[in-house]
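Colleague: Before I ask anything, let me first share the structure, which is written out below as structure tokens.
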Amino acid sequence: MDARAALDVAFSDGLKVRGRAARGAARVALAVHASRTVDPAPFLLRDPSLAADAIEALGDEGRRDLALQVALWAATGGAEHAVPRDGAFADAVGGFERARRWAEEGGEASPLWIRDVPREATLREAFAHRLALLGQAGGEGGGPLAAAALETLLSESPRPSTFSTILRAAALAASARVVERTLEGLSLIGPGPLAQGPRDPLQRLRDALEVERERAKGALIVDVLASRAARADASNAMLVAHLAARAHSEGHKAQSERALSAARRALEGGGRAPRAPLAALMFVEQGLGVSGAADPLGLPAESRPSAAELVEGACEACRALRSAKPAVVTMRLFDPEDATVAASEKDAAHLLKELVREGAQAAVEPCELESLQALLARVRRIGLRLPWEVFLRALIADGAAAVAARHPNTAAWALALDASGPGLSGFERAKMRGRAACEFLRALEVKAVPRPLADLYFAPALREAASGPGEG
């Protein structure tokens, strides 16, 4: 499997549907998936009107965010005919080109292009995500584009859904000046309704960015870890756990385990411990092989975290350990053959979406093909309603396609095809295989770039299906 073969799959399997209407919908889906790649030229050479037709159809359906995503993708390759004539989009595409030139010139001048960034949140985020992707494709030279993505997101109050992008862009920028500017921008934002004490996502973002500022100034991981562990409390215990996992991976085992002990004491010493951070800490200890590490799923019912808290903890641990294994283990909560909670199908689907997405992404770097296979087996065994199962299978196919491209691995590509195979309609199979082909191409284009030292999981509102311990 190579880039040419992936492109063939996108235009063959990705459009293998019957009927004019179905083919039109499949072309739109293919354009949306393709717009997550870096270079539009191979796609537009095959189908010159692919982007323009998709932009029009998405605009008619009210999906202006996806329409702009496709427009920015097409404009990256200089396909002016694919840029919509709509005034707002024309301004946004022009502003995007000016943002790229600003980055190419080093990002030192005042970012006057900001006035052309769309004010609507979803459009602004599409603008920023495209800049961040181009920054990743540039590898270590992508810092100025990452800085442009940060300028975009901070031009208005960012939503928590963008906090992970902000943190990763700051890590890619690798500049104390850029991180400082980001912190200054965030200082203007009030706590808002999402402040949750030790789980306040905005404060956690600021804490993680302060770590990136220290790294940009040359601080060593062991020194950063020691300073945070010395003042560990409930609000920064997860930050300490992330740093401990990173230090452990760099050979600092003793310092890592001391820091984890400090974080545990901080969580357990103030009365009722916040259970999501405690679960995350336990998963990290398990993953690092710490002696005496407890299994959060095996705690007594009266003290066990709820399903939502366990899912949040597992997602944190996937990012800290850069491994899908905590997600695989936690999925047994919903497995009919090993279920330990009672949750409605809707609640289970919401929690599983988080687990599968974080697990599939975490499996790519270490080439954890067995973990992806286990995720797929669990999804099939759980037996959610087909629309939900299809979405989960697509996330797994994305991860498998990325593994196939990065390592390379033919078995991983076979898994991506398997995920998009049995039980699906012809239309869903076509969409998923076109998407997997695009993810393969994206993984070839995007470089391995510096990740945040504390790559925190900014949890969405994980709804509790029940309030009692061990339920959810």
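Colleague: Got a sec? Charge dipole of segment 220-304, +1 on Cβ for Lys and Arg, -1 for Asp and Glu; which of 297, 274, 252 is way out at the positive end?
Modeller: My answer, from the dipole projection, is 274.
Colleague: Pairs 253/447; 253/353; 325/353: which are spaced more than 27 Å apart, C-alpha to C-alpha?
Modeller: 253/447; 253/353
Colleague: Which value does Rg/Rh take for segment 1-69 over its C-alpha atoms, Rh per Kirkwood?
Modeller: 0.96
Colleague: Here's another thing I want to ask about it. What nm value, rounded to one decimal, do you get for the distance between residue 110 and residue 370 when each label is placed 7 Å out toward the C-beta?
Modeller: 5.9 nm
Colleague: Same structure again: Hey, got the Cα dimensions of the chain along the principal axes, in Å, largest first?
Modeller: Computed over the chain, the largest-to-smallest principal extents equal 63, 55, 40 Å.
Colleague: Okay, moving on. Given R₀ = 22 Å, FRET efficiency for residue 12-residue 385 by Cβ-Cβ distance, to 0.05?
Modeller: Computed FRET efficiency for residue 12 and residue 385: 0.15.
Colleague: Still on this structure: Quick check on packing: order 434-442, 11-19 by the mean number of other C-beta atoms within 10 Å, highest mean leading.
Modeller: So the order, starting with the most tightly packed, is 434-442, 11-19.
Colleague: How are the alpha carbon pair distances in segment 361-424 distributed across 10 Å bins from zero to the largest one, expressed in percent?
Modeller: Final binned percentages: 25, 56, 18, 1.
Colleague: Hey, what's the per residue convex hull volume over the C-alpha atoms of segment 220-304, in cubic angstrom?
Modeller: 79 Å³
Colleague: Same structure again: Ranked from highest to lowest mean number of other Cβ atoms within 10 Å per residue, what is the order of the peptides 133-141, 98-106?
Modeller: Ranked from most to least packed, the peptides come out as 133-141, 98-106.
Colleague: Kindly state, to the nearest 0.05, the FRET efficiency for residue 187 paired with residue 140, given R0 = 30 Å and r defined as their beta-carbon distance.
Modeller: It comes to 0.60.
Colleague: From Cα pairs below 8 angstrom and at least 6 apart in sequence, can you work out the relative contact order of the chain, rounded to a whole percent?
Modeller: Relative CO of the chain lands at 18 percent.
Colleague: Largest first and in whole Å, give the semi-axes of segment 306-472's equivalent ellipsoid, each being the square root of 5 times a Cα gyration tensor eigenvalue.
Modeller: 26, 20, 12
Colleague: Okay, next question. Size of the dipole of the chain about the Cα centre, Lys and Arg at +1 and Asp and Glu at -1 on the beta carbon, nothing else charged, in debye to 20?
Modeller: I would put it at about 320 debye.
Colleague: Please state the charge dipole magnitude for segment 222-268, taken about the Cα centre, from unit charges on C-beta atoms (+1 on K and R, -1 on D and E), reported in debye and rounded to the nearest 20.
Modeller: That gives segment 222-268 a dipole magnitude of about 40 debye.
Colleague: Let's see if you can work this out: charge +1 on each Lys and Arg Cβ, -1 on each Asp and Glu Cβ, no other charges. What is the dipole magnitude of segment 104-145 about its Cα centre, in debye to the nearest 20?
Modeller: Here the size comes out at about 220 debye.
Any read-out appearing in this document is the output of simple, stated calculations on the displayed coordinates, not a laboratory observation. Since this is a predicted model, take the numbers as computed values, not measurements. Glycine also receives a Cβ, built like all others from the backbone with ideal geometry; neighbour counts cover every protein chain displayed.
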